[in-house]
1. Just need a number here: residues in the stretch 353-373 that are of a type in the set (S, T, Y) and open to solvent by less than 30 Å² (accessible area, probe 1.4 Å).
2. Going by the structure shown, is G216 over 35 Å from the mean Cα position of the chain (by Cα), open to solvent by 50 Å² or more (accessible area, probe 1.4 Å) and on the phi > 0 side of the Ramachandran plot?
3. Can you report the number of residues in the stretch 605-614 which are crowded, with 22+ Cβ neighbours inside 10 Å and of a type outside the set (A, V, I, L, M, F, W, C)?
4. Quick check on my filter: what residues within the stretch 327-369 are in contact with a Leu (Cβ under 8 Å, 6 or more places away or on another chain), without any contact (Cβ under 8 Å) to a residue 60 or more places away in the chain, part of a strand (DSSP E or B) and not small (G, A, S)?
5. Determine if the stretch 601-621 includes at least one residue that is of a type in the set (V, I, T), assigned to a strand (DSSP E or B) and over 40 Å from the mean Cα position of the chain (by Cα).
6. Which of the strands (runs of 3 or more DSSP E) found entirely inside the stretch 143-217 contain at least 2 residues meeting this: farther than 22 Å from D250 by Cβ and among the β-branched types (V, I, T)?
7. For residues in the stretch 600-651 being in contact with a Phe, Trp or Tyr (Cβ under 8 Å, 6 or more places away or on another chain) and at positive phi, which is modelled with the lowest pLDDT?
Amino acid sequence: MRTKKIYFTICLFLLLNSMGALADQFTASHYSAVIQGSCIYAKSWDDAEGCTPMGIYQMSEKDGFAVVPFMISEEVVYSNGGGAFIGDDFYCVWKQEDKTLGFSLSQVIRWNLKTGERNNLGICDDNLAATPAGTAVDPQTGQVYGIFWDSKDKSSRELGIVDYPNKTRTTIATIDKALYGLCIDKAGQMYAIDGDGNLVKVDKANGDISVVGPTGIKPKYMQAAVVDTYTNKMYWNAITSKETWLCEVDLSTGATTKLTQLTDENEFSVLRVLPPAAADKAPAQVTNLKAEFVDANTTGTISFTMPTETFDSTPLTNELTYQVSNADGKLLEATASPGEQVSQQITAAQGEQTFTVVAINDEGNSPAEAIQQYVGYDTPKAPAEVKLSIDETGEATLSWQASTEGIHGGYVDTQHLTYSIFRQPEEEKIVSGVTATQWTETLERGYASAYKYGVTADNHGLESEAAISNSAVYGDGLVIPWSCTFDDASSLDLFTVIDANNDGHTWRWTQYHDGAAYYIYSKTNDADDWLLSPPLALEANKSYIVKFDNEVLKAKYPEKMELRYGQGLNTETYEVVMPVTTFTNDEYTTNTFTIRPQQEGDYHLAFHIVSDANEGSMSIDNLVIDYDPAAGVQDITSTISNNHHPMFDLGGRQVNSKILRTGIYIRDGKKVVVAK
């Protein structure tokens, strides 16, 4: 009998202890951890143009811990020296160093996460910069612990407490091994990951380290960890030499569960878990939230299902209050029973709206559930497929596809949509109120010019962005001498580009080398692409010099190109100036050719690239066409010997054309140069 009593007592003791352990592990179905962190690297940033998108990013358990931006700064918030979330502020150490010059500079940055205001608190001692272990906030005291370098020389690691606002820190103990992912649980126990991949406990009082167990992951680089004080789960931004993961670590064994692979290789220096979205006995969030507004109406219906449980999964029995609000304030407040389906009319202003619904009881508000909805007329998307053609009479025809969607997914009244036409690049409005999707105008003829138009759509006063047409050239040939140095993108507007193989890899402008015409290879298709100059007015039986500079990407990637010239746009009829030639020069080289048209007219110079697939690129610059001066003298001499029309000197006196001296004369109203 005593044995049974002892056995029962032991079982009861074990049961009570296991219940206590379970009480430390929150299992409510309505809680979803939300992790925020300061990201100091992502693989996609390697190719980012402009400002590197550093800042605070967020991972939500209900969304599979996908990394999304929370607050990005255009100013430097580079927490490579560690940091901490303190209230509404994020503090960090930005460390700059150049080992070759022996340069080191550390600064403390404060960033308010409500206002976005960033303040540089100034230079601090290098010993405020954390090691790859980082820092951790003690939930019991609010103090910020960290493992720091002793100086800019990084000769030793020190456990200490940092005061970011005052830019000071204390030293508790020297740490003799590399640690990563420092964090503190809700009871105040400090943990980290050692270089061998073991979860270890760190004594906050003296820095003593004891191994808990292996994680199975060997860390490399700076990486952060945090303990969710609501559930006491440890989350770790685990980075190895090959992969990056968000993991959950069992604090009792070190066993690690990979929650999601961070494929962008996100490196966080600081992490925190946001507080629960509601009190335990407050209602859980509403479900099945929908908002419906028909066409352009600003009065619509919002519907949802009231919760049946509290945030900690206790069944609800009493009637609940609910509130619907948007950025302008509270739109609706009423009561409903747990589990009741609610459908109510609401009215909101035209524009992008976020409707938020909370359920309320005596314990507080539920987590907010929100839905975005565009109300009223929406700004239309820009028209598509805007195309310009100009015929020989100067009639410019502009066509486009009608806009049918709003930029926010809202209502577009396609039956009453109108369009405005703008001349580019001046953005001068030519006409508005156009109801068709085609428009024409007749251009005045002059020297060849590039024409381009913009088209906007108007939805009851809401105007789209302009969709820009292709460029088309119209007018008489340009006067010789003529040149193009491709200084800006508009240089190509006067040129005609023909992507003969329709593979999308064709001539375009590049900013490199202060501007050039540029072809870049296709991996799969041989090149077949034409670059035609604007029309050039050439005389019959006159010789002209054509010059251009070109280069290829690298000598090991040869490019093949020919040069032709001719009238019209049918390149098959063009005369070959330079046959297909293989180029390997990776620095600009000048090429010079002579052309001599037999008929007067407007001609195009045509660069035809025919390189093999998967080669490199070709750049063309400094294109020039001018009279051949030597050939010009021969032409004049020949004309003089066969033409007996009267000639006059510049004083208007008639001269004997058979005994002319070197000089300039007038014949048939034109200047004639004689050189002997």
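The values are calculated or read from the model by the stated rules, or taken from the named source; none is laboratory data. Not measured: the values here are computed from a predicted model. Cβ sites come from the backbone with ideal geometry, for glycine too, and all protein chains shown count toward neighbours. Ligands, DNA and RNA are stripped out before the accessible areas are found, and what is left, the full protein with its side chains, is counted by its heavy atoms. Shrake-Rupley method; radii C 1.70, N 1.55, O 1.52, S 1.80 Å.
1. Taking the stretch 353-373 and keeping what is of a type in the set (S, T, Y), we get 354, 356, 366.
Imposing the further condition that a residue be open to solvent by less than 30 Å² (accessible area, probe 1.4 Å) reduces the set to 366.
Number of matching residues: 1.
2. yes
3. 2
4. T335, Q344, I346, T347 - these are the residues of the stretch 327-369 that are in contact with a Leu (Cβ under 8 Å, 6 or more places away or on another chain), without any contact (Cβ under 8 Å) to a residue 60 or more places away in the chain, part of a strand (DSSP E or B) and not small (G, A, S).
5. Our first condition is that a residue be of a type in the set (V, I, T); within the stretch 601-621, this holds for 609-610, 620.
Filter again for assigned to a strand (DSSP E or B), leaving 609, 620.
Next, only the ones that are over 40 Å from the mean Cα position of the chain (by Cα) stay: none.
Looking for residues that are of a type in the set (V, I, T), assigned to a strand (DSSP E or B) and over 40 Å from the mean Cα position of the chain (by Cα), one finds none in the stretch 601-621, hence no.
6. Output list reads 144-149, 157-163, 173-175.
7. Start the filter on the stretch 600-651 by keeping residues that are in contact with a Phe, Trp or Tyr (Cβ under 8 Å, 6 or more places away or on another chain), which leaves 603-609, 611, 613-628, 647-650.
Subsequent filtering for residues that are at positive phi retains 614, 622.
Numbers: N614: 92, N622: 96.
Among residues in the stretch 600-651 that are in contact with a Phe, Trp or Tyr (Cβ under 8 Å, 6 or more places away or on another chain) and at positive phi, the one modelled with the lowest pLDDT is N614.
So that you can scan it fast, the table gives a plain yes or no per residue for (1) in a loop (DSSP other than H, G, I, E, B); (2) open to solvent by less than 70 Å² (accessible area, probe 1.4 Å); (3) closer than 30 Å to A540 by Cβ:
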site	(1), (2), (3)
F422	no, yes, no
G433	no, yes, no
Y453	no, yes, no
T456	no, yes, no
E465	yes, no, no
V473	no, yes, yes
D493	no, yes, yes
V497	no, yes, yes
